[in-house]
Each structure stands twice: as structure tokens, then as C-alpha cells.
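Just below is one structure, and these are the notes that go with it.
Quick note: the coordinates plus some simple rules give every number you see, no bench work behind them. Just so you know, these numbers come straight off a predicted model, no measurement behind them. Cβ sites come from the backbone with ideal geometry, for glycine too, and all protein chains shown count toward neighbours.
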Amino acid sequence: MGFSPKQIAEAVATALALTALVAGVIDWRHRKRDNLDRVSLLDWRNIQVFALISAIIAAAVAFQL
């Protein structure tokens with residue numbers, strides 16, 4: 001009852017796409033903040049970009065399997 005490589009790649013692509021979406025929302029909220037002195041610990045825009053690129057690569061791998 002194991003998972004096939006295609007299912008694993010699809011799950012990874014989905015998780016990375018959700019990560020990119022959440023990072024985008026957090027980055028949007030960070031840019032719209034009232035107190036400009038509150039800085040973010042993480043650079044959410046970079047996380048969003050890297051997660052989106054990784055999701056595209058994982059989706060391409062899933063389609064090839």
C-alpha cells in the first residue's frame with residue numbers, strides 16, 4: 001500500500017504551491033503593515049519565489065512520471 005513516485009511528486013508539488021500561496025499572503029500583509037518599524041524575520045518574497053519555482057519543477061517531474 002505504498003505510494004507511487006507520481007503520487008509523491010504530485011503531493012510535493014501541491015505542498016510547495018500552497019507554501020508559495022501562504023508566503024504570498026504573508027508578504028502582502030507585511031507590505032501593508034501600519035507600523036513600518038516592525039520588520040519580518042524571514043524574507044517572504046524570496047520564500048514565495050523559491051517555493052513557486054520548486055513547485056513548477058515538481059509538477060514537471062510529476063507529469064513525466
Check: Which value, to two decimals, describes the C-alpha radius of gyration of the chain once divided by 2.2 N^0.38 Å?
Finding: 1.43
Next item on the list: Could you please rank Trp44, Trp28, placing first whichever residue has the fewest other Cβ atoms within 10 Å of its Cβ?
Entry: Trp28, Trp44
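Can you give the local net charge around His30? Use residues other than it whose beta-carbon is closer than 14 angstrom to its beta-carbon, Lys and Arg +1, Asp and Glu -1.
It works out to a net charge of +2.
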Margin query: Please list, in order along the stretch 3-9, the HN-Hα scalar couplings obtained from phi with the Karplus expression 6.51 cos²θ - 1.76 cosθ + 1.60 (θ = phi - 60°), rounded to whole Hz, x for Gly and Pro.
Written below: 8, 7, x, 5, 5, 5, 5
Next item on the list: Compute the relative contact order of the chain as a whole-number percentage, counting only Cα pairs closer than 8 Å that sit 6 or more residues apart in sequence.
Entry: 57 percent
Checklist line | Unit charges on C-beta of K, R, D, E only; dipole of the chain, Debye | finding: 140 debye
Notebook entry, point to check: In sequence order, what are the phi-derived ³J(HN,Hα) couplings for the stretch 40-52 according to the Karplus relation 6.51 cos²θ - 1.76 cosθ + 1.60 with θ = phi - 60°, rounded to whole Hz, with x for glycine and proline?
Noted result: 8, 6, 10, 8, 5, 5, 5, 4, 4, 5, 5, 5, 5
